[in-house]
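What follows is a short report on a single structure.
The values are calculated or read from the model by the stated rules, or taken from the named source; none is laboratory data. On a predicted model such as this, the values are computed, not experimentally measured, just so you know. We place every Cβ from the backbone using ideal geometry, glycine too, and count neighbours over all the protein chains shown.
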Amino acid sequence: MKFEFSPELEAYRAEVRAFVAEHSPGIRPHTGVRAPEPDQVPAIRAWIARLYAAGYLGQSWPVEHGGRPEARPEHGFIVAEELARARAWGEIGAGALASGALLAFGTPEQKARFLPRIRSGADLWCQMFSEPEAGSDLAALRTKARLEGDHYVVDGQKVWTTNGHHADMGYLLARTNQDTAKQAGITAFVVDMRTPGIDVRPLREITGTNDFNEVFLENVRIPADQVIGKVDDGWRVANVSLGHERSGVGARAVELYAQLDDLVELARRTTVRGRPALEDAATRQRLGRLATRVHVTDMMSKAVKSRIVGGTEDAADAPLAKVFYSEVNLAAAELGVELQGVDGLAVEGDPHAYADGWWQDAFLYSRAYTIAGGANEVLKTVVAERALGLPRDKR
């Protein structure tokens, strides 16, 4: 497998790189899919609007909704990679996920109402899927929606809602039918996060940041015309929208290469038994093994991109790309902290912390990647059953 960009696409990359360098509101101080501080949100809204207006975000949308007629999957890969390379903010929240659902299943009225506000940065979205008893097993969700006249009344609880405290709109899954198989009774909704009865409570994490939230819904009234797709068909809506935005697959490899470069520099600056860690044979072997895993992950992402372009994706592609990335990212973060020895205890804000505690924050956050988007154990089961056709364990 060989995946290279043409001179035309490399020229596009240079254009995107120059745009990001000129207009970005600054680098993300933390790794991962993190929420900004409240005072950063206005600048990020303006940045999102600028990215959409320039055609760098939403370029695969239908032309009538602002997409580019000449858009190709490679363009999306390049934009995601350049944002990652610059450690710049991308689109925060669940705007890409919500737009995927609306474009595939939304009514003309819903598209006309919500899509322009996603593009302008006027509306930030959050995803309200996971629940305390329904994380990786999304079909087990318990939040209920009952029809009363021309509104649905929703009661329940969501958790791990990234950017929920910044969001204007929510993409919600709730159970509308209690008498069918678990997946069959779920409906997708658009919900205004300012609706009475919605209580967003930020979760303080081990990193010291508030990226996730729990959301309580009590007698929340949602107009019936804000159902996305058909009633009881939300499982299909969710799965289609989750597969809609795939451009980030290449960005993961860019992030890992950047971390690898940072680790080599860190090994030059730290010592093992009185000499630079980079001169220590055991440290070099660990760096070499990690570099090998980074290259393998990069090749896997290139293979996935190649199949996306060729329309030959299979059920293993997205799960395996995520599993490999999250496990290599965890190994890199562990090594970054270990190389600092006792100083590895110094965290962000400590004047003695290396790189203001970036590696410590990355270490604390890295476990989240092995769970978010489906726990790695669950994704491996998905590969076994859906890609390899292995039988389910009936015990």
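Restrict the check to segment 2-22 and report whether at least one residue is aliphatic (A, V, I, L, M), closer than 30 Å to Asn210 by Cα and in contact with a Ser or Thr (Cβ under 8 Å, 6 or more places away or on another chain).
no
Would you say Arg45 is modelled with pLDDT of 95 or more, under 28 Å from Asp199 (Cβ atoms), buried (at least 17 other Cβ atoms within 10 Å of the Cβ) and of a type in the set (Lys, Arg)?
yes
Taking segment 314-328 as the region of interest, how many residues are among the acidic types (Asp, Glu) and either more than 18 Å from Glu385 (Cβ to Cβ) or surrounded by 21 or more Cβ atoms within 10 Å (Cβ to Cβ) (or both)?
Final tally of qualifying residues: 2.
Which members of segment 63-98 meet the condition of being assigned to a loop (DSSP other than H, G, I, E, B), within 24 Å of Asp168 (Cα to Cα) and of a type outside the set (Val, Ile, Thr)?
The answer is Gly66, Gly67, Trp89, Gly90, Glu91, Gly93, Ala94.
Report yes if Glu91 is within 22 Å of Glu214 (Cβ to Cβ), buried (at least 21 other Cβ atoms within 10 Å of the Cβ) and among the charged types (D, E, K, R), otherwise no.
Considered against the rule, which asks whether it is within 22 Å of Glu214 (Cβ to Cβ), buried (at least 21 other Cβ atoms within 10 Å of the Cβ) and among the charged types (D, E, K, R), Glu91 comes out as no.
Just to be sure, is Val304 farther than 21 Å from Ala384 by Cβ and in contact with a helix residue (DSSP H, G or I) (Cβ under 8 Å, 6 or more places away or on another chain)?
Taking the combined requirement at face value, the residue does not satisfy it.
Which of the following residues is surrounded by fewer than 16 Cβ atoms within 10 Å (Cβ to Cβ), of a type outside the set (Ser, Thr, Tyr), within 30 Å of Glu4 (Cβ to Cβ) and not assigned by TED's automatic domain parsing to the domain that holds Phe212: Gly288, Gly373, Gly349, Gly341? Step through it out loud before you land on a result.
On the way: Gly373 fails: surrounded by fewer than 16 Cβ atoms within 10 Å (Cβ to Cβ); Gly349 fails: within 30 Å of Glu4 (Cβ to Cβ); Gly341 fails: within 30 Å of Glu4 (Cβ to Cβ).
Residue meeting the stated conditions: Gly288.
Which one of the conditions (1) touching a Phe, Trp or Tyr at 6+ places or on another chain (Cβ under 6 Å); (2) without any contact (Cβ under 8 Å) to a residue 40 or more places away in the chain; (3) within 22 Å of Arg113 (Cα to Cα) does Leu173 fail to meet, given that it meets all the rest?
(2)
Is there a residue in segment 114-137 that is of a type in the set (D, E, K, R) and in a strand (DSSP E or B)?
For segment 114-137, residues of a type in the set (D, E, K, R) and in a strand (DSSP E or B): present.
Could you please give the count of residues in segment 138-163 that are assigned to a strand (DSSP E or B), out of contact with any helix residue (DSSP H, G or I) (no Cβ under 8 Å at 6 or more places or on another chain) and within 20 Å of Val237 (Cβ to Cβ)?
6
Taking Thr176, is it of a type in the set (Ser, Thr, Tyr), within 19 Å of Glu109 (Cα to Cα) and not assigned by TED's automatic domain parsing to the domain that holds Ala315?
No; evaluated as a whole, the condition is false for this residue.
Checking Arg175 against (1) surrounded by 16 or more Cβ atoms within 10 Å (Cβ to Cβ); (2) under 21 Å from the mean Cα position of the chain (by Cα), only one condition comes out false. Which one?
(2)
Test each condition in (1) surrounded by fewer than 17 Cβ atoms within 10 Å (Cβ to Cβ); (2) touching a residue at least 60 places away in the same chain (Cβ under 8 Å) for Gln226 and report the one that comes out false.
Among (1) surrounded by fewer than 17 Cβ atoms within 10 Å (Cβ to Cβ); (2) touching a residue at least 60 places away in the same chain (Cβ under 8 Å), the lone unmet condition for Gln226 is (1).
Has segment 362-370 got any residue that is in contact (Cβ under 8 Å) with a residue 12 or more places away in the chain, within 24 Å of the chain's Cα centre (by Cα) and exposed (fewer than 15 other Cβ atoms within 10 Å of the Cβ)?
Scanning segment 362-370, I find at least one residue that is in contact (Cβ under 8 Å) with a residue 12 or more places away in the chain, within 24 Å of the chain's Cα centre (by Cα) and exposed (fewer than 15 other Cβ atoms within 10 Å of the Cβ), so the answer is yes.
Only one residue in Ala251, Ala282, Ala291 is without any contact (Cβ under 8 Å) to a residue 24 or more places away in the chain, over 30 Å from Gln110 (Cα atoms) and small (Gly, Ala, Ser), so which one is that?
When all the criteria are applied, what remains is Ala282.
For (1) out of contact with any Gly (no Cβ under 9 Å at 6 or more places or on another chain); (2) outside the structural domain of Ala362 (by TED's automatic domain parsing); (3) modelled with pLDDT under 95, each residue gets a yes or a no:
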{"site": "Ile206", "(1), (2), (3)": "yes, yes, yes"}
{"site": "Phe212", "(1), (2), (3)": "no, yes, yes"}
{"site": "Leu217", "(1), (2), (3)": "no, yes, no"}
{"site": "Ile222", "(1), (2), (3)": "yes, yes, no"}
{"site": "Ile228", "(1), (2), (3)": "no, yes, no"}
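For segment 193-236, give me the residue count where each residue is closer than 29 Å to Asp179 by Cα and touching a Lys or Arg at 6+ places or on another chain (Cβ under 8 Å).
Total meeting the criteria: 8.
Which of the helices (runs of 4 or more DSSP H) contained wholly in segment 300-395 include at least 1 residues that are within 30 Å of Arg273 (Cα to Cα)?
Once the helices (runs of 4 or more DSSP H) in segment 300-395 are filtered for at least 1 residues that are within 30 Å of Arg273 (Cα to Cα), what remains is 317-338, 358-369.
Of these, Ala104, Ala11, Ala43, which one is part of a helix (DSSP H, G or I), over 24 Å from Met169 (Cα atoms) and either over 18 Å from the mean Cα position of the chain (by Cα) or without any contact (Cβ under 8 Å) to a residue 60 or more places away in the chain (or both)? Write out each step before concluding.
Details: Ala104 fails: over 24 Å from Met169 (Cα atoms); Ala43 fails: over 24 Å from Met169 (Cα atoms).
One residue alone meets the criteria, Ala11.
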